[in-house]
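Below you'll find the structure, written out as structure tokens, and then a few comments.
The values are calculated or read from the model by the stated rules, or taken from the named source; none is laboratory data. Computed from a predicted model, the values in this text were never measured in an experiment. Positions of Cβ are backbone-derived with ideal geometry, glycine not excepted, and every protein chain shown enters the neighbour counts. Surface areas here come from the heavy atoms of the whole protein model, side chains and all, with no ligands, DNA or RNA. Shrake-Rupley method; radii C 1.70, N 1.55, O 1.52, S 1.80 Å.
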Amino acid sequence: MYNDEHNLYHYTYRKDGSETDVHPAPQAAPEQDHNNGPQQPVQEMKPVKKNRIGMKLTAMALCCALLGGAVGGGIVWGVGNHSGETSVNVSGRTVSQVSLKTVDGQTEMSDAEIYAANVNSVVSINVTGTSGYNFFGQPVQSASSGSGFVLTSDGYIVTNYHVVKDAQTVKVTMYSGDEYDAQYVGGDEDYDIAVIKIEATGLPAVTLGNSEELNVGDHVLAIGNPLGDLTFSMSGGMVSSVNRTINVDGTPFNMIQTDASINPGNSGGPLLNSYGEVVGIVSAKYSSYGTSGESVEGLGFAIPINDVISMIQDIMTNGYVSNKAYLGATVGTLTAQMAQQYRYDISEGAFVYSVEDGSPAAQAGLQLGDVITAIDGTEIASMDDLMAAKKGYAAGDTSELTVYRQGETITLSLTWGATPADQQTASQEQAEQDTTQNGGGYTNPYDLFEYFFG
């Protein structure tokens, strides 16, 4: 506070402005030349101390911020007022060790325990093959990576079909670092599953769970080799959807949708529930949406283990899916243009282009020009719907087909047959799709027109 007394400026820290020290009397100024005018009063200016209150507040705030950061990190810095020594307080918490538990299907486990119990059953898969030919007709070598998991202690390993498709060599690396050459046993492209085999015994095998018991919101984990380099990584999330139908390269898949981080290289690895059981096979990840190129996050997919375990066992025994449902007819999607051309009263369904002699379709009474509109009450609006519905049946199962024929709706009883061992179902279905897109190229439209209206 400033006091004005006798034209002198003084500074005091007292709130009432009083001073305890007596200020010395002002010194007389040197005599002035009277010829230079009247003598001016003398002012004494004491040095004014800088106000450091703001600086102190700033320093205090900085100290509080540093102290809060130290506390949040588990370490507190303090100054000893008595001894003048600086001390550091360190947490004495004992870190709990992860115990290697056995998956029993009854005990929920922590994420760390699930990883410890399963990582030795997960494998890294590296394949080499050819991807076409160059300008000079020479094969172009390719290499890719994926994941898998040990199903049996004697070396049977499950992975995705697209991981080992057309592979010339398959190498498997265990978490321990042991490497094996693997042999391709068999697979199915429609379900994106494959089985490979290594010569080993006493391997730690996974425990399979029940994918039908999964609920939206359940916690799940994925272990695999994202990008082919980040081996044996684990990511976690929740079940975002069950029984999600997605279309992968024209083939419909029934999937578990999850927001666990899944990237290229994770394919073929296990999806685990909170009990450490395998409930799915990681198979696909959407990295873009439509044709816009918009980046998408939190979308991963896995094949429900219940949908494919019987097929996996079939592949282990026979080298292929021997009881895969077989129709024995060439089908495609009925389009609005086709319906208008053939004067149909409907515009959706699976159009029958041809029927094989002696096939299950022929025995059921299907004919050229029929349109399948439902199977056991499930609506069929396209060939994709028919292929998806067919995956729910095995050889020997019986279904009721709802069929549109020449303006009428009829029902037919179909007993599904078994897919022949030498038949490449996926190639056939791709040909059927191409036929649909080309308007039925291998069936003469004029023959159809004559058949209906001749």
Check: Out of (1) in a loop (DSSP other than H, G, I, E, B); (2) open to solvent by less than 20 Å² (accessible area, probe 1.4 Å); (3) at pLDDT below 95, the odd one out for L386 is which?
Finding: (1)
Item checked: Residue that is open to solvent by less than 10 Å² (accessible area, probe 1.4 Å) and over 39 Å from the mean Cα position of the chain (by Cα), where the choices are G349, G332, G369 -> G369
Next item on the list: Name the residue, out of A112, A116, that is open to solvent by 30 Å² or more (accessible area, probe 1.4 Å) and either aromatic (F, W, Y) or without any contact (Cβ under 8 Å) to a residue 40 or more places away in the chain (or both).
Entry: A112
Note to self: Which residue is nearest to M387 (Cα to Cα), if the candidates are limited to the stretch 311-325 and must be surrounded by fewer than 21 Cβ atoms within 10 Å (Cβ to Cβ) and of a type outside the set (S, T, N, Q)?
What the structure shows: Y320
Check: Quick one: is E356 surrounded by fewer than 22 Cβ atoms within 10 Å (Cβ to Cβ), among the charged types (D, E, K, R) and over 37 Å from the mean Cα position of the chain (by Cα)?
Finding: yes
Next item on the list: Could you please find all residues in the stretch 127-159 being assigned to a loop (DSSP other than H, G, I, E, B) and modelled with pLDDT of 95 or more?
Entry: L151, T152, S153, D154, G155
Notebook entry, point to check: Among the candidates A336, A325, A362, which residue alone is within 26 Å of P304 (Cβ to Cβ) and hydrophobic (A, V, I, L, M, F, W, C)?
Noted result: A325
Next item on the list: Might you let me know whether the stretch 103-120 holds any residue that is modelled with pLDDT under 75, hydroxyl-bearing (S, T, Y), out of contact with any Leu (no Cβ under 7 Å at 6 or more places or on another chain) and part of a loop (DSSP other than H, G, I, E, B)?
Entry: no
Check: Mind checking which pairs have a first residue in the stretch 143-171 that is within 21 Å of G276 (Cα to Cα) and open to solvent by less than 40 Å² (accessible area, probe 1.4 Å) and a second that is in a helix (DSSP H, G or I) and among the polar types (S, T, N, Q), Cβ under 9 Å, 6 or more apart or different chains?
Finding: F149/N118; F149/S121; V150/N120; V150/S121; L151/S121
Check: Do we find a residue being modelled with pLDDT under 85 and either among the hydroxyl-bearing types (S, T, Y) or part of a strand (DSSP E or B) (or both) anywhere in the stretch 369-379?
Finding: no
Checklist line | Number of positions in the stretch 395-425 that are crowded, with 18+ Cβ neighbours inside 10 Å and modelled with pLDDT under 90 | finding: 2
Notebook entry, point to check: (1) open to solvent by 60 Å² or more (accessible area, probe 1.4 Å); (2) in contact (Cβ under 8 Å) with a residue 40 or more places away in the chain: which one isn't true of Y184, the others all being true?
Noted result: (2)
